[in-house]
1. Keeping to region A:88-99, report how many residues are small (Gly, Ala, Ser) and more than 9 Å from chain B (Cβ to nearest Cβ).
2. Quick one: in region B:151-172, of everything that is of a type in the set (S, T, N, Q) and within 16 Å of B:Asp186 (Cβ to Cβ), which residue is farthest from the other protein chains (Cβ to nearest Cβ)?
3. Could you list, in sequence order, all residues of region A:34-86 that are under 18 Å from A:Gly102 (Cα atoms), surrounded by 15 or more Cβ atoms within 10 Å (Cβ to Cβ) and aliphatic (A, V, I, L, M)?
4. Of (1) at pLDDT 95 or above; (2) touching a Lys or Arg at 6+ places or on another chain (Cβ under 7 Å), B:Asp106 satisfies all except one. Which?
5. From the list A:Leu56, A:Leu120, pick out the single residue that is touching a Phe, Trp or Tyr at 6+ places or on another chain (Cβ under 7 Å) and modelled with pLDDT of 95 or more.
6. Identify the residue in region B:100-150 that is more than 14 Å from the chain's Cα centre (by Cα), more than 7 Å from chain A (Cβ to nearest Cβ) and of a type in the set (A, V, I, L, M, F, W, C) and, among all such residues, is surrounded by the most Cβ atoms within 10 Å (Cβ to Cβ).
7. Looking at (1) away from chain A (no Cβ under 14 Å); (2) surrounded by 16 or more Cβ atoms within 10 Å (Cβ to Cβ); (3) in a loop (DSSP other than H, G, I, E, B); (4) not aliphatic (A, V, I, L, M), which is the only condition B:Gln27 fails?
2 protein chains.
Amino acid sequence: MELALLYSGGKDSSLAALILNNFYNVQCVTGSFGITDDWEHARRAAARLGFAFQTLDLDREIADEAVELMLQDGYPRNGIQRVHEHAIERLAQLDIDAVADGTRRDDRVPTISRAQAQSLEDRHNVDYITPLSGFGRHAIDQLVKDTFDIEVGPSETIPKADYEGELRQIIADNHGPGTVAEVFPDHTQTYVHGISE
Amino acid sequence: MELALLYSGGKDSSLAALILNNFYNVQCVTGSFGITDDWEHARRAAARLGFAFQTLDLDREIADEAVELMLQDGYPRNGIQRVHEHAIERLAQLDIDAVADGTRRDDRVPTISRAQAQSLEDRHNVDYITPLSGFGRHAIDQLVKDTFDIEVGPSETIPKADYEGELRQIIADNHGPGTVAEVFPDHTQTYVHGISE
């Protein structure tokens, strides 16, 4: 069975890929608005883990909507959620049996409710799977430590390909770097270099 | 890392065992009130899948409480939930790193909320993992079909070791088989005979 996984090159989506690999032919897919080349980081991480990779074109309009939300709110949560829902919808339109993402139990965003999941499945005739949604933060940290060779650092310095990089870029271009720092609080990210020896 | 999985010999907990086996040393554990030998079915299924097995003594008082709930309600849901919470608490007291069960996304019972999960983790210093909670019914049916050699049939004829068998027995002993049929609506169960060829 063919499965398309929303993939950033980070620890969560990389762990999701390994779990799903037991049952599906996993394709790592990175959404891109065409604003930056951040997806290249995901391509390299997928290659190191041995997974097929492709990019998925996202609507530039959705990026602008998301940025508007973030500026109104003063924080990124609802904008990220908007982009994630769009990406999952796009993913479900591929010719595949199942779609997945790396959402964890303790994530506050992005999050897809059970009702949204069932609607997505019914409308697109796919399974929607979140293989990490039954794992808490501590369990995931343990599994990542045992499994991957990773790099951890502040969000803006870690090579990654989630939606954040492109949205930061739009905000920086239109409103300056000061506004990026206002909207995105400091947090750390991880990037997967490969399976540990 | 050592993980204790609540195990019935059915498809859900068997699939959970296979997923967790990538990361943990999985021990299949079947709760028993000491009323029937139903746990023997789980022991045999675990052996066929190559997993270690042990039983877990459950409090007979909890079984009686659960039966009371079921008779009051006229359906088994709250009674099953009561027993499940007790079993998970007992499981978390074992000398292990993580506990797990086979709860699926679309299960209405048993279900452990995120807050309950975090409380369990904090109080017992374990991870609580539900590896199937990100999989819907259709996805699980597909994976089971591809993975296991199973037997499907009405609940009362399939050899299994969930809490239902013992609770049915208590009700039959105290109130007669007619009351069992009133409380438990007809439903099908599965039993795992092994990995398919």
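The values are calculated or read from the model by the stated rules, or taken from the named source; none is laboratory data. Note that this is a predicted model, so its numbers are computed, not measured. Backbone-built Cβ (ideal geometry, glycine too); neighbour counts: all protein chains shown.
1. So the first thing to find is which residues in region A:88-99 are small (Gly, Ala, Ser), and the list is A:92, A:98.
Retained after the next criterion (residues that are more than 9 Å from chain B (Cβ to nearest Cβ)): A:92.
Count: 1.
2. Here is the first cut: in region B:151-172, the ones of a type in the set (S, T, N, Q) are B:155, B:157, B:169.
Now restrict to residues that are within 16 Å of B:Asp186 (Cβ to Cβ): B:155, B:157.
Details: B:Ser155: 25, B:Thr157: 29 Å.
Filtering region B:151-172 for residues that are of a type in the set (S, T, N, Q) and within 16 Å of B:Asp186 (Cβ to Cβ), the one farthest from the other protein chains (Cβ to nearest Cβ) comes out as B:Thr157.
3. A:Ala42, A:Ala45, A:Ala46, A:Leu49, A:Leu56, A:Ile80, A:Val83
4. Against the list (1) at pLDDT 95 or above; (2) touching a Lys or Arg at 6+ places or on another chain (Cβ under 7 Å), B:Asp106 comes up short only on (1).
5. A:Leu120
6. Applying the filter and picking the extreme gives B:Val126.
7. (3)
This table checks each residue for (1) of a type outside the set (D, E, K, R); (2) without any contact (Cβ under 8 Å) to a residue 24 or more places away in the chain; (3) not in a helix (DSSP H, G or I).
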site: A:Leu5; (1), (2), (3): yes, no, yes
site: A:Ala17; (1), (2), (3): yes, no, no
site: A:Gly31; (1), (2), (3): yes, no, yes
site: A:Thr36; (1), (2), (3): yes, no, yes
site: A:Glu40; (1), (2), (3): no, no, no
site: A:Ala45; (1), (2), (3): yes, no, no
site: A:Arg48; (1), (2), (3): no, no, no
site: A:Gln54; (1), (2), (3): yes, no, yes
site: A:Ala66; (1), (2), (3): yes, no, no
